[in-house]
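Data first, discussion second: the structure below is written as structure tokens.
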Amino acid sequence: MVLLKPTIEMAPPPGSAGAVVGVPVWMWIDRGPSNTGPVSKSVSAGGVTVTATAVVSEVDWAMGDGHSVTCTSPGTPYDVSRAAQGSPDCGYVYQLRSLPERTGGSGKYQITATSVWSIHWAGGGQQGNQTLRLSASTTLAVGELQSVNRGGNG
């Protein structure tokens, strides 16, 4: 059975100009049998067949600023039409910029996504459950926008 660590996708994407304080960051992982399941495998030996089925039950996101998010789905890929409807089903809003003193000098938060695989197996008159956690990391710069209100005639 091939179970892959998550492939992190975000909007704004890592390596871009970055996220902005107060604006939702959309987060998701690639979908597919080896990325999110379900995937099944049967093995026989000595007259006994065991079948295991694995599916990602949640994705835990460590956001690099001391906060975390647990999403019960792989997340929804960013689409401008969905963005107009509000916050993503798997997202996060940063409250502080990723200043070097907050990020070990990098100026970017380190984000780790952990796919939690739930594996059910049965065979030989027995059955059970296992959990497997696979992680991947990336970084994201978070800036801040400020506006200036200038009084005037009109």
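The values are calculated or read from the model by the stated rules, or taken from the named source; none is laboratory data. Fair warning: this is a prediction, and the values are worked out from it, not measured in the lab. Neighbour counts run over all protein chains shown; Cβ positions are idealised from the backbone, glycine included.
Observations
- Looking only at residues of the range 117-133 that are loosely packed, with under 15 Cβ neighbours inside 10 Å and within 16 Å of the chain's Cα centre (by Cα), we find that the one that is farthest from P12 (Cα to Cα) is L132.
- Tally of residues being surrounded by 14 or more Cβ atoms within 10 Å (Cβ to Cβ) and either without any contact (Cβ under 8 Å) to a residue 60 or more places away in the chain or more than 20 Å from A136 (Cβ to Cβ) (or both) across the range 42-54: 4
- Which listed residue is touching a His at 6+ places or on another chain (Cβ under 8 Å), at pLDDT 95 or above and in a strand (DSSP E or B), from T70, T53, T112: T53
- Of all residue pairs spaced 6 or more apart or on separate chains, those with beta-carbon atoms under 7 Å, a first member in the range 9-27 that is at negative phi and in contact (Cβ under 8 Å) with a residue 12 or more places away in the chain and a second member that is of a type in the set (K, R) and part of a loop (DSSP other than H, G, I, E, B) are V21/R97.
- S81 vs. criteria in contact with a Pro (Cβ under 7 Å, 6 or more places away or on another chain) and either closer than 19 Å to T7 by Cα or free of Cβ contacts under 8 Å to residues at least 60 places away in the same chain (or both): no
- Pick from the range 134-144, criterion out of contact with any Ser or Thr (no Cβ under 6 Å at 6 or more places or on another chain) and under 15 Å from L99 (Cβ atoms), ranking: surrounded by the fewest Cβ atoms within 10 Å (Cβ to Cβ): E144
- Within the range 28-41, considering residues that are buried (at least 19 other Cβ atoms within 10 Å of the Cβ) and either of a type in the set (F, W, Y) or at positive phi (or both), the one nearest to the chain's Cα centre (by Cα): W28
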